[in-house]
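The structure appears below as structure tokens.
The values are calculated or read from the model by the stated rules, or taken from the named source; none is laboratory data. Keep in mind the model is a prediction, meaning the values are calculated, not measured. Cβ atoms come from the backbone with ideal geometry, glycine included; neighbour counts cover every protein chain shown.
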Ligand code: MF3
Ligand code: CO
């Protein structure tokens, strides 16, 4: 069953997701050559705890950190490390938090110094694919419309969508129903209704879609070694479309996405 949240619950979800967005924006500003993803993780945990919230990933099935930091060919679930970032890297920072019983979840992929034109296009296309997925969220749409919109945008550019990991419902648990694939035909799955809350998170590979998980049990990498990017927002279905919950107050991202419903 997919839960629809009340206005009181959505208020709480706005708070935690806004917190996640604000911290993620601070973490993005830390990214430069020489910084380690462990440094970024430490700051993330400090900020989450200082806000009275708790890291959502730390301890989840034994995951050891507050953020996932996935560099270059790492797709998702990279464990923060002591390797300094170098000019030309891309790093996906994914963070979740729990506040007042509710979860927030968001990710961005950030360039380190000067990156290649190819890497830059990959980031742009992945972020655009997330936007297309979000634009598909409106009452009366079906769950698979989201992935269909994501996939169309990605493949138009010759990139590929990761199959093994999906977006998800989110609320009083980090992962709730439904699973939201980033590929497939539209018009399938449950109908979207107001108050549902989803974390939409396309993972896009420069090369082939196949991934494998390293022996640390977490880090997913592209099998062909090509670059991969990941962006994620938490959104709620509104009467007229959807509202992005993972936006900080100072963000230029349009919060309300109106659809022609
Ligand atoms: N955003 C990812 C997800 O929703 C990150 C999870 S990391 C984990 O699945 F450690 F919590 F698994
Ligand atoms: Co997620």
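Here the condition is being touching a residue at least 60 places away in the same chain (Cβ under 8 Å), outside any strand (DSSP E or B) and more than 21 Å from residue 163 (Cα to Cα); of 127, 118, it holds for 118 alone. Does residue 137 count as closer than 16 Å to residue 232 by Cβ, surrounded by 24 or more Cβ atoms within 10 Å (Cβ to Cβ) and in contact with a helix residue (DSSP H, G or I) (Cβ under 9 Å, 6 or more places away or on another chain)? For residue 137, the condition - closer than 16 Å to residue 232 by Cβ, surrounded by 24 or more Cβ atoms within 10 Å (Cβ to Cβ) and in contact with a helix residue (DSSP H, G or I) (Cβ under 9 Å, 6 or more places away or on another chain) - is met. Filtered by the rule that a residue be away from ligand 1 (no atom under 13 Å from the Cβ) and in contact (Cβ under 8 Å) with a residue 40 or more places away in the chain, region 148-170 gives 150, 154, 159, 160, 161, 163.
Could you check, for region 173-180, whether at least one of its residues is more than 16 Å from ligand 1 (Cβ to nearest atom) and surrounded by 15 or more Cβ atoms within 10 Å (Cβ to Cβ)? Within region 173-180 (the criterion being more than 16 Å from ligand 1 (Cβ to nearest atom) and surrounded by 15 or more Cβ atoms within 10 Å (Cβ to Cβ)), the answer is no, since none of the residues qualifies.
Among the candidates 44, 69, the residue that is within 14 Å of ligand 1 (Cβ to nearest atom), part of a strand (DSSP E or B), touching a helix residue (DSSP H, G or I) at 6+ places or on another chain (Cβ under 8 Å) and modelled with pLDDT of 95 or more is uniquely 69. For region 229-250, a residue qualifies if it is more than 16 Å from ligand 1 (Cβ to nearest atom) and either farther than 28 Å from residue 206 by Cα or assigned to a strand (DSSP E or B) (or both), and the qualifying residues are 236, 237, 238, 239, 240, 241, 242, 243, 248, 249, 250. Out of the residues in region 193-221 that are touching a helix residue (DSSP H, G or I) at 6+ places or on another chain (Cβ under 9 Å) and within 19 Å of residue 9 (Cα to Cα), which is farthest from ligand 1 (Cβ to nearest atom)? Among them, the one singled out is 195.
Scanning region 72-87 for residues that are touching a helix residue (DSSP H, G or I) at 6+ places or on another chain (Cβ under 8 Å) and surrounded by fewer than 13 Cβ atoms within 10 Å (Cβ to Cβ) yields a total of 2. Is there a residue being farther than 23 Å from residue 28 by Cβ and surrounded by fewer than 16 Cβ atoms within 10 Å (Cβ to Cβ) anywhere in region 114-133? There is no residue in region 114-133 that is farther than 23 Å from residue 28 by Cβ and surrounded by fewer than 16 Cβ atoms within 10 Å (Cβ to Cβ).
Annotation: of all residues in region 148-170 being in a helix (DSSP H, G or I) and surrounded by fewer than 19 Cβ atoms within 10 Å (Cβ to Cβ), the one that is farthest from ligand 2 (Cβ to nearest atom) is 156. Cβ-Cβ contacts under 7 Å between residues 6 or more apart (or on different chains), taken from a first residue in region 175-204 that is within 24 Å of residue 228 (Cα to Cα) and free of Cβ contacts under 8 Å to residues at least 24 places away in the same chain to a second residue that is within 13 Å of ligand 2 (Cβ to nearest atom) and part of a strand (DSSP E or B), are listed as 175/168; 179/168. When residue 145 is tested against (1) away from ligand 1 (no atom under 16 Å from the Cβ); (2) crowded, with 24+ Cβ neighbours inside 10 Å, only condition (2) is not met.
Residues in region 101-110 include at least one that is surrounded by fewer than 23 Cβ atoms within 10 Å (Cβ to Cβ), more than 16 Å from ligand 1 (Cβ to nearest atom) and modelled with pLDDT of 95 or more. Across region 43-61, the qualifying residues are those that are free of Cβ contacts under 8 Å to residues at least 12 places away in the same chain and more than 15 Å from ligand 2 (Cβ to nearest atom), and the one among them that is surrounded by the fewest Cβ atoms within 10 Å (Cβ to Cβ) is 50.
A single entry from 81, 70 fulfils the requirement of being over 15 Å from the mean Cα position of the chain (by Cα) and within 30 Å of residue 208 (Cβ to Cβ): 81. Scanning region 214-229 for residues that are in contact with a strand residue (DSSP E or B) (Cβ under 7 Å, 6 or more places away or on another chain) and either loosely packed, with under 13 Cβ neighbours inside 10 Å or free of Cβ contacts under 8 Å to residues at least 40 places away in the same chain (or both) turns up 214, 223.
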